[in-house]
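Structure, as structure tokens:
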Amino acid sequence: MHLLIRRSVEDVASFVADLVVDRVRQGLVVLGVATGGSPLPTYAELVRRHRAGTVDLRRCHLVLLDEYVGLPPGHPASYRHTIDEVLRRPLGIPVDHLHTPEVHGPDLVAACERFEALIGELGGVGLQLLGIGRNGHIGFNEPGTPWTTRTHVVTLAPSTRRDNARFFDHPDDVPSKAVTQGIATILDAREVVLIATGATKADVLRRLVTADGDRDLPAAALAEHRSTSIVVDAEAAPPRPLAS
Ligand code: F6R
């Protein structure tokens, strides 16, 4: 894992946007996308560059990390809707290049298997963008999730529901279940970039620095990945560099 500290949220967004554009120029096709607040400035920066005519991501496929279970299709807080609005449509990426876990059918376990198969058919995720929960989750893999998991149905931790209540009208509206790529699925991506900004992420970043295989910290699994960058702003920065 490489830790990269940038001064501000804007500098993080610009750095990660540069990295995405560089990988696309090198032939990246499948971009794994997180939702939540952390990557939004990066997405806005990519859209700004698209509008300026300096980047073209129209050939890319977008693969979502996770999706809530129990929201009606098109709900404004659903992750599919969010990525559609903030990234896919503004970048002119065809709708059939947007891939999300299926959460509306009767058999979610079978749907999880289909999602895994789909990622394989796309050739795997080339670059996976991640955020990190304050409890160390990546995707919606909450603390204690085995690192061997693949796409699965999860029950969200109460703290995750509280943290995500800001995207809903009422805290009780936050679903209690979701489908997420598993930790092993995430580790299959050829390159991972985790974005963490703001003082609320400082504690978990400090834990990640010293995690050393801590199974209670899902993000610690990234130490087993061959190409992971953690990009943070000054407020989130841990006190000393991560061991690689
Ligand atoms: C979102 C996701 C989550 C978030 C995490 C941080 O698709 O999988 O792991 O990345 O909860 O959320 P923010 O960025 O809102 O602090």
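The values are calculated or read from the model by the stated rules, or taken from the named source; none is laboratory data. On a predicted model such as this, the values are computed, not experimentally measured, just so you know. Reconstructed Cβ throughout: ideal geometry from the backbone, glycine too, with neighbour counts over all protein chains shown. The accessibility values were calculated without ligands, DNA or RNA, using every heavy atom of the protein model including side chains. Shrake-Rupley method; radii C 1.70, N 1.55, O 1.52, S 1.80 Å.
Looking across the range 136-161, the residues that are open to solvent by 30 Å² or more (accessible area, probe 1.4 Å) and either within 14 Å of the ligand (Cβ to nearest atom) or more than 30 Å from Ala13 (Cα to Cα) (or both) come down to Pro143, Gly144, Pro146, Thr148, His152, Val153, Thr155, Pro158, Ser159, Arg161.
Against the numbered list (1) touching a residue at least 60 places away in the same chain (Cβ under 8 Å); (2) away from the ligand (no atom under 12 Å from the Cβ); (3) open to solvent by 10 Å² or more (accessible area, probe 1.4 Å), Lys201 comes up short only at (2). Does at least one position in the range 162-176 carry a residue that is polar (S, T, N, Q), touching a residue at least 60 places away in the same chain (Cβ under 8 Å) and surrounded by fewer than 19 Cβ atoms within 10 Å (Cβ to Cβ)? Yes. Name the residue that is nearest to Thr149 (Cα to Cα), counting only residues in the range 77-123 that are surrounded by fewer than 14 Cβ atoms within 10 Å (Cβ to Cβ) and in contact (Cβ under 8 Å) with a residue 40 or more places away in the chain. The extreme case among them is Val109. Residues in the range 30-59 that are surrounded by 15 or more Cβ atoms within 10 Å (Cβ to Cβ) and β-branched (Val, Ile, Thr): Val30, Val33, Thr35, Thr42, Val47, Val55. Among the residues of the range 1-24, those that are under 14 Å from Glu235 (Cβ atoms) and either assigned to a strand (DSSP E or B) or open to solvent by 40 Å² or more (accessible area, probe 1.4 Å) (or both) comprise Ile5, Arg6, Arg7, Val9, Glu10, Asp11.
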